[in-house]
1. Out of the trypsin sites (Lys or Arg not before Pro) in the stretch 161-217, which ones are loop residues according to DSSP with at most 15 other C-beta atoms within 10 Å?
2. Please list, in chain and number order, the residues 5+ apart from A263 or on another chain whose amide H is under 5 Å from its amide H, with Hs placed from the backbone.
3. Let me see the P(r) profile for the stretch 143-199: every Cα-Cα distance counted, bins of 5 Å, each bin given as a percent of all pairs.
4. Along its principal axes, what span do the Cα atoms of the stretch 155-280 show, with the longest given first and each in whole Å?
5. Using only Cα atoms, figure out Rg for the stretch 34-97 and give it as a multiple of 2.2 N^0.38 Å.
6. Label point 7 Å out from D37 along Cα-to-Cβ: which residues of the stretch 54-83 have amide N under 15 Å?
7. Treat every Asp and Glu Cβ in the stretch 7-317 as -1 and every Lys and Arg Cβ as +1, leave all other atoms uncharged, and give the resulting dipole magnitude about the Cα centre to the nearest 20 debye.
8. Please give the contour-minus-distance gain from D177 to Q265: 0.36 nm per residue of separation, less the Cα-Cα distance, rounded to one decimal in nm.
Amino acid sequence: MYRHPKNPIITRHDIPPIPPQLVDVTSAFNPGAIKDDNLYRLMLRVQSRSRETFLVMAESTDGVNFTVENKIVHFRGIERVQGKIFHIYDARITMLDGRFYIMFAMDMEDGCQLGLGVTDDFKQFDFLGITSNEDIRNGVLFPEKVNGKYLRMDRPNKARHSGGPTSGSTIWLSESDNLIDWEPMAPLINGRFHYWDEYIGSGPPPVKTRKGWLHVYHGVAGHFGSANIYQGGVLLLDLNNPSKVLGRCRCNILEPREIWELAGQVPNVTFPSGMIVEEYDNQGFAKEDSEVKIYYGAADTSVGLLITTVSELTDAATEGDIP
Ligand code: BMA
């Protein structure tokens with residue numbers, strides 16, 4: 001597992017001016033990611049000096065060198081939502097039933113909700129609805145139905161970082177018949193207080209492997225005085241019964257170490273949000289020796305790329321829990 005030498009692979013300097021909203025931007029981070037027809041696509045969270053955030057697409061043929069589009073993603077129909085939307089951000093992209101679904105956070109008057117959009121070509125985006133009715137974040141869809149239900153992981157915001165945003169310490173599995181109305185099914189994991197992942201939330205959507213659903217999540221250590229340290233870790237869920245946790249890493253797999261992860265708008269943040277597996281077998285399982293690209297937000301300022309393999313991640317998930 002290593003950081004790509006070109007890191008950070010996207011910084012604010014890569015964002016073309018998109019007047020009037022995005023000119024001389026402050027940051028580009030927390031991207032959703034998908035590979036479609038040999039094209040890598042990121043949906044970036046770009047923040048302006050007004051501290052508004054917008055979603056902007058970037059594409060690449062090698063997964064490393066990206067060209068950022070000079071337009072803001074607009075979800076057709078989002079204007080019909082009742083109430084003020086302050087920001088939409090932290091997109092997670094899942095290919096499901098042959099379409100690209102995007103679940104994202106929506107900061108509104110009464111907290112954060114999870115919005116759902118869909119696209120077939122990354123040119124036209126449609127808003128499907130708000131899929132939550134409580135303060136919640138980090139919603140990620142599974143790439144297929146399991147036992148006849150759509151599934152997602154999500155993280156109700158039932159806690160708050162000292163002096164910071166709402167957060168939570170339980171990732172839930174939820175189910176749905178229509179992708180809009182969701183029912184919580186089971187808590188999957190809780191934060192491990194005193195250790196690296198006290199507050200937790202899903203990272204990129206889960207990946208199907210022969211060993212189980214492989215999931216990268218983020219954990220926040222909040223016991224370091226003024227710093228909340230955002231790290232990445234892994235989880236393995238049973239293929240047929242994903243409410244059963246087969247393994248959880250003891251140590252984080254990613255933590256702020258480089259200067260651009262340690263320093264920035266929000267220091268000490270590595271926030272995995274996109275993950276691309278290069279090779280699947282003919283039954284749709286990620287190959288064990290396949291390369292994996294993990295895209296993450298660094299210090300809420302730029303985008304980092306971690307290179308690993310499926311087996312390194314499943315090994316980390318099964319190395320043994322903290323006793
Ligand atoms: C979380 C979210 C993320 C952000 C992180 C660190 O609560 O807001 O978008 O990257 O905090 O600031």
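1. For trypsin sites (Lys or Arg not before Pro) across the stretch 161-217 that sit outside H, G, I, E and B with at most 15 neighbouring Cβ atoms in 10 Å, the list reads R210.
2. Counting only residues 5 or more places away or on other chains, the set is N268.
3. 5, 18, 22, 21, 13, 12, 7, 3, 0
4. 41, 34, 26
5. Taking N as the residue count of the stretch 34-97, the ratio is 1.27.
6. 59-61
7. Charge dipole of the stretch 7-317: 500 debye, to the nearest 20.
8. 27.7 nm
Every number here is computed from the coordinates shown, using simple stated rules; none is lab data. Just so it is clear, the structure is predicted and the values come from calculations on it, not from any experiment. Neighbour counts run over all protein chains shown; Cβ positions are idealised from the backbone, glycine included.
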